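Report on the following structure.
No value in this document is a laboratory result; all are computed from the given coordinates. A quick note: this is a predicted structure, and the numbers were derived from the prediction, not measured. Quick reminder, even Gly has a Cβ in these numbers, built from the backbone with ideal geometry, and neighbours come from all protein chains shown.
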Amino acid sequence: MSYVEAVLNGLMVGGLYGLFGLGLALAFGIMRIVNIAHGEFVVLAAYLGVTLLAVTPLPLPVVIVVVAIAAFALGWTLQATMLNRVLGPNPVPAMVITMGLSIVLRNVLVKLYGANIQSIDIGPLQTMGLAFGGLSIGLLPMLIFAIAVVLFVGVNLLLTRTTIGRAFRAAADDYEILETLGFNRRRIYNAALGLAVALSAVAGLLLAMRSSFSPFSGVERLLIAFEVVIIGGLGSLRGCFLGGLFLGVVQVVGLKLYPNSGPLFGHLAFFVVLLLRQSNLGSFLAWGRK
Amino acid sequence: MITIPRSSLTVPVLGLIAVATALVLLPIDRRLAMEVLLVLAMAQGWNLLCGYTGLLSFGHHAFVGLGAYVLFMTVNTTGLAPVWSILVAALVALVVALAMWMLLRKLRGPYFSIGIWVLADSLRLLFAQWEWVGSSRGIVLNPASIDAATFADMVFYLALGLAFVTQLGIFALLRSRSGLALMAIRDNEAGAASIGIAVARNQLGAFLISAAICAAAGAIYYLSVLYVDPSGAFDIDWQIRVLFIVIVGGLGSIEGPIIGIAIYFGLREVFRDAGDLFLIFQGLTAVLVPLVMPGGIWGLIAARTGWQIFPTRRLAD
């Protein structure tokens, strides 16, 4: 694999990282909640996908939709039954609750599926590729990247063109005004976490088609999501997308240089950006308006 | 004048002496006692940072692993006695914590929590790549550096010493002028800042103290097992354990972590034959505590009774 291919692959996996970040950023932007179980939801989606593909005759696109709906319901329920009860300026209770949830999910997955590494087999599409100009690019990564772009565009349209999307943005800015307009703040929060979890779940399922996962992959996914949000600049869709691309490239190229380094290069890039932000040099990195 | 009543020292000091005597004299399981004492020290250190200055760290396992590695490398390469190497471990942790602070100081709230978690994960990955420290295979302590006959007693007394120095040190700190500042920050950060309390400096102080304590505890724990590897020493489970103990016991009090410790190790013994069920139960408890008793168990007791075992409250006379 040449470096050009590594960069292209990084860009394509980066689209998914952007979606992970988007899920985390929506929840934080709208509810001021940091969902520590974010990574476990991502992994849970992959397991749900594996199971549905194995025990039902449903085709892959339908499975993706089913997983997205299930994830939306999960996010809605979590917000409605627990997180709405600890709203407020103090972020600690919600973080503790979701951390507890992440422990529960991780260990339930170990109990159900074992601790082994798994992957999703989706047939011949997995190995098909296109070759042009001496480069060979997998068809599946391109397809997955396309889905990520479509989802980003979709969320952008949702946030700018629909009532619920405008309500999300209003809730992020000033929920009291929102309530005087007759909106139910808690229902908006439920829908927002549902959307956040659904986006991450789809990304998790797509990532599972490209790389293996285990019940313990959640932490890595959470840290990726977090790094994307910080690198991309808080609170902007474009930032999440670009941050995801950047992190994807750094990680894939880093893995090519040092195959055992895991997410180390992503972490290092994160700290470099953090340092640049603290100096004046970093102002050009501040994408987005916020 | 507003002071803490001097007479209030009798109960905690006599109580600590009684507990220490009992631990030394009674025929208890010293291995388990050592672990309990070390985790108590970590929990008190972490609580000083998170309970009082409001910086919720999810990355203190960085210092546990760092302390362990510094001890092993110091003993193996310089031949310094393990006991003194613990001090080296704490000192190195202080320096590293200071460097981390430079990186993290602008991050607040949840950003600090996960930022330090990324740092801890980076350390795990770095140590797993670093050939000099044995990469992912880990390292074994040089057997010539210890005396097998007295080793088990030595690590027990080291753990006992660390736990009691931590306990008394934090108690004394909270009764001092700095303690007043810390409690003011705990109760209202913006208010504390507005009357001239240097919030950031107090946060840095608490961060450094908690880092040194966790490093010393990690050093003693891995000294006792004579072997350290990156996935164990930098395991997030160290952090989860401490967080669980402090949250369940009660954040921002000296008594909370002690109660949390009793519950954590009690549960672990009950679920001794079902480790995965224990973890699930631990997770469920963490989910429920903020919903049903936000102040933890000690918070509930203190609100009902006004008790203080380690008095830090100032009264006007």
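Would you order B:69, A:189 from fewest to most other beta-carbon atoms within 10 Å of each residue's own beta-carbon?
On the way: B:69 28, A:189 23.
In increasing order of surrounding Cβ atoms, one gets A:189, B:69.
Please identify, among B:97, B:159, B:302, the residue showing maximal mean-square fluctuation in a Gaussian network model of chain B using a 10 angstrom Cα cutoff.
B:302
Which whole number in µm²/s is D for the range A:189-252 by Stokes-Einstein, with the Kirkwood Rh taken over Cα pairs at 10 °C and 1.306 mPa s?
Numbers: Rh = 12.7 Å.
So the translational diffusion coefficient is about 125 µm²/s.
Can you give me the pair-distance distribution of chain A, C-alpha pairs, 10 Å bins, whole percents?
Pair shares across the bins are 7, 28, 36, 22, 6, 1, 0.
Who wins for biggest fluctuation among B:34, B:102, B:154 in a Gaussian network model of chain B, springs between alpha carbons below 10 Å?
In this elastic network of chain B, the residue with the biggest mean-square fluctuation among B:34, B:102, B:154 is B:102.
Residue separation times 0.36 nm, minus the C-alpha to C-alpha distance between residue B:165 and residue B:144: what's the value?
Computed gain between residue B:165 and residue B:144 is 4.7 nm.
If you look at just the Cα atoms of chain B, how large are its Rg and its Dmax in Å?
19.5, 63
Pairs of Cα atoms under 8 Å, at least six residues apart: use those to get the relative contact order of chain B, whole percent. List each step's numbers first, then the result.
Numbers: 448 pairs, mean separation 103.7, N = 317.
Rounded, it is 33 percent for chain B.
Using alpha carbons only, how many angstrom separate the centre of the range A:190-230 from the centre of the range B:275-317?
The range A:190-230 and the range B:275-317 have Cα centres spaced 32 Å from each other.
Work out how much length residue B:20 to residue B:78 would gain on full extension: take 0.36 nm times their residue separation and subtract the Cα-Cα distance, in nm to one decimal.
Numbers: separation 58, 0.36 × 58 = 20.88 nm, distance 3.32 nm.
Gain on stretching residue B:20 to residue B:78: 17.6 nm.
Among the complete DSSP H segments of chain B, which ones combine at least 27 Å of alpha-carbon extent along their axis with a mean Kyte-Doolittle hydropathy of 0.5 or more?
Taking the DSSP H segments of chain B (at least 27 Å long, mean hydropathy at least 0.5), we get B:82-104, B:110-129, B:151-175, B:199-225.
Rounded to two decimal places and with Rh computed the Kirkwood way over Cα pairs, what is Rg over Rh for the range A:77-171? The partial results should precede the final answer.
Numbers: Rg = 20.6 Å, Rh = 18.2 Å.
Looking at the range A:77-171, the ratio lands at 1.13.
Counting only other chains, what is the mean number of Cβ atoms within 10 angstrom of the Cβ of each residue in peptide A:110-119?
Mean number of neighbouring Cβ atoms from other chains: 1.
Could you work out the relative contact order of chain A? I mean the mean sequence separation of Cα pairs under 8 Å and 6+ apart, divided by the number of residues, in percent.
Values: 448 pairs, mean separation 113.9, N = 290.
Relative contact order here is 39 percent.
Sticking with the crude label model, points 7 Å out along Cα→Cβ, report the distance from residue A:77 to residue A:216 in nm, one decimal please.
Spacing of the two 7 Å Cα→Cβ label points: 2.8 nm.
For the range B:161-317, what does the relative contact order come out to in percent, with C-alpha contacts under 8 Å and a separation of six or more?
Values: 102 pairs, mean separation 29.9, N = 157.
Relative CO of the range B:161-317 lands at 19 percent.
Sorting B:177, B:30, B:105, A:106 on the 10 Å Cβ count, fewest up front, what's the list?
Values: B:177 8, B:30 18, B:105 14, A:106 26.
Ordered from fewest to most neighbouring Cβ atoms within 10 Å, B:177, B:30, B:105, A:106 come out as B:177, B:105, B:30, A:106.
Determine the distance separating the Cα centre of the range B:18-90 from the Cα centre of the range A:33-64; give it in Å without decimals.
The range B:18-90 and the range A:33-64 have Cα centres spaced 40 Å from each other.
Modelling each spin label as a point 7 Å along the Cα-to-Cβ direction, I'd like the residue A:157/residue B:157 distance in nm, to one decimal.
7.5
Kindly give Rg over Rh for the range B:51-175, based on alpha-carbon atoms, with the Kirkwood expression for the hydrodynamic radius. Don't jump to the answer; show the numbers that get you there.
Details: Rg = 16.7 Å, Rh = 16.5 Å.
Taking Rh as the inverse mean 1/r over Cα pairs, Rg/Rh reads 1.01.
Using only the alpha carbons of the protein assembly as shown, what is the convex hull's orientation-averaged projected area in square nanometres? Working shown, then result.
Numbers: hull surface 123.2 nm².
It is 30.8 nm².
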